[in-house]
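The values are calculated or read from the model by the stated rules, or taken from the named source; none is laboratory data. Every value quoted in this text rests on a predicted model; they were computed, and no experiment measured them. Cβ placement follows ideal geometry from the backbone for every residue including glycine, while neighbour counts extend to all protein chains displayed.
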Amino acid sequence: DRFLEISNLVKAYPNPFGAEVKVVDGFNLTVRQGEFISVIGHSGCGKSTVLTMIAGLNPISDGGIIVDGREISGPAPDRSVVFQAPCLLPWLTAWGNVMLGVKEVYPHATKQQKKDIVAYALSAVGLAESMHKYPREMSGGMQQRVGIARAIALKPKILLLDEPFGRLDSLTRMELQDVILGILDRDQITTMLITHDVDEAVYMSDRVCMMTNGPGAHVGELMEIDFPR
Ligand code: ADP
Ligand code: ADP
């Protein structure tokens with residue numbers, strides 16, 4: 001059961017002197033459908049690089065990423081990302097920010113269907129009452145709830161969480177962890193979380209992998225620990 005299959009993934013950037021430096025070198029990972037996996041590791045070990053390659057936002061230097069049997073090429077709504085900062089459009093309400101992506105991804109849905117999708121996503125993150133608020137009227141936690149709603153409204157096959165709570169205070173962080181777990185309980189979306197917070201990884205995921213780095217970054221099996229949810 002290989003819903004997400006990453007094999008021998010490589011990312012090289014040119015250094016200031018023009019030489020290629022591999023920041024990810026032979027990364028392998030297989031994720032089952034519906035599984036929640038966390039990838040932990042020190043800052044700079046390449047977690048974000050891997051996640052943005054899965055999202056199709058960062059070109060792959062070598063290797064392959066297969067999602068549900070198909071090699072990815074570029075970004076697509078089947079892989080939605082929640083970033084550390086939600087980057088909401090300030091002139092749109094919570095509703096408008098979520099609707100924007102829905103219109104783009106479901107151009108043929110009826111008006112009512114689009115409204116239903118947005119309403120569902122906003123209520124799933126607990127923003128049913130605040131859907132007409134603008135970003136400036138919302139706390140950081142509320143803004144990130146919109147970011148989560150925007151991602152799940154696209155009904156992704158894989159939800160990619162890139163340090164999604166990094167900027168939040170610890171209480172808000174705990175609330176949002178549970179918001180996401182609540183959504184996944186209902187919707188069973190295959191999820192990858194990258195974080196440097198071990199407690200968060202253990203609390204949230206079915207499986208935790210440790211990404212290491214160093215000269216000639218490790219290749220083989222990720223260090224893996226199984227935690228019952
Ligand atoms: P080995 O001992 O066989 O070299 P390890 O057991 O140390 O391998 O685990 C290496 C795993 O770490 C690989 O599967 C790879 O997916 C992962 N990994 C961690 N950091 C990196 C990185 N920067 N680039 C590529 N793979 C990495
Ligand atoms: P993490 O998410 O684990 O903190 P990143 O994936 O952000 O790590 O970064 C991995 C390494 O790649 C770091 O050494 C970083 O400096 C380097 N890197 C990231 N993006 C670029 C880029 N656009 N150009 C050159 N180097 C980069």
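Counting only residues that are surrounded by fewer than 17 Cβ atoms within 10 Å (Cβ to Cβ) and more than 23 Å from residue 68 (Cα to Cα), the stretch 20-50 holds 6 of them. Among the residues of the stretch 60-81, at least one is part of a strand (DSSP E or B), surrounded by fewer than 21 Cβ atoms within 10 Å (Cβ to Cβ), within 16 Å of ligand 2 (Cβ to nearest atom) and touching a residue at least 40 places away in the same chain (Cβ under 8 Å). A Cβ distance below 7 Å, combined with a sequence gap of six or more or placement on separate chains, defines the contacts here; from the stretch 107-135, residues that are assigned to a helix (DSSP H, G or I) reach residues that are polar (S, T, N, Q) in the pairs 135/143. Restricting the stretch 27-49 to residues that are farther than 30 Å from residue 186 by Cβ and at pLDDT 90 or above leaves a set whose member that is farthest from ligand 2 (Cβ to nearest atom) is 28. Within this structure, residue 178 passes the test of being free of Cβ contacts under 8 Å to residues at least 24 places away in the same chain and either crowded, with 18+ Cβ neighbours inside 10 Å or among the charged types (D, E, K, R) (or both).
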